[in-house]
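Heads up: the structure comes next, in structure tokens.
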Amino acid sequence: MTHTLGPWHLGGIFDSTTTPRTSVWGPTPADAQSGEWIAKDVRLANATLIAAAPDLLDVLNSLRNEAVGFLAMADPSAHGQTNLACLQRRIDEADAVIAKAEGRDQTVRP
């Protein structure tokens with residue numbers, strides 16, 4: 001499963017006769033009038049978070065990969081076993097969130 005590539009951006013319909021509606025759109029191809037509609041009619045706070053999702057996923061993947069690289073080279077006597085264990089927990093958490101974002105975690109949560 002793959003998501004629509006970013007960047008995503010906000011759009012909306014704002015006039016005096018309707019309630020403001022915020023939507024999130026994917027990039028607009030050169031031969032199209034608009035991009036893919038990612039989310040429609042959502043609250044602004046949710047729309048801004050949704051629009052940032054591709055960038056957040058990219059940054060989390062980069063941080064996770066750099067942390068794995070550091071952990072592979074780390075010296076427990078210099079960096080402390082507790083610090084390294086904490087970093088490993090954060091890597092595991094990042095792996096779980098990345099799997100969820102990529103649709104590889106199908107766990108149903110209440």
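Quick note: the coordinates plus some simple rules give every number you see, no bench work behind them. In this text, all values refer to a predicted model and were calculated from it rather than measured experimentally. Positions of Cβ are generated from backbone atoms using ideal geometry, with glycine treated the same way; all protein chains shown enter the neighbour counts.
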With everything on Cα atoms, drop me the angle between helix 81-101 and the longest principal axis of the chain, reported from 0 to 90° to the nearest 10. 30 degrees
Which of His9, Val59, Val97 sits farthest toward the positive end of the charge dipole of the chain, with +1 on the Cβ of Lys and Arg and -1 on the Cβ of Asp and Glu? Val97
Amide H of Gly12: which non-local residues (sequence gap of 5 or more, or other chain) have their own amide H closer than 5 Å, using H built in the peptide plane? Ser23
Would you please put 38-49, 61-72 in order of how densely packed they are, using the mean number of other Cβ atoms within 10 angstrom per residue and starting with the highest? 38-49, 61-72
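Can you pull the Rg over Rh of the chain, Cα-only, Kirkwood? Don't skip to the end; give the middle numbers.
Working: Rg = 19.2 Å, Rh = 16.8 Å.
Rg divided by Rh gives 1.15.
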Test item: Cα-centred dipole of region 9-101, Lys/Arg +1 and Asp/Glu -1 on Cβ, debye: 280 debye
Taking Cα atoms, the helix 44-73 axis meets the longest principal axis of the chain at an angle in degrees (rounded to 10) of 20 degrees
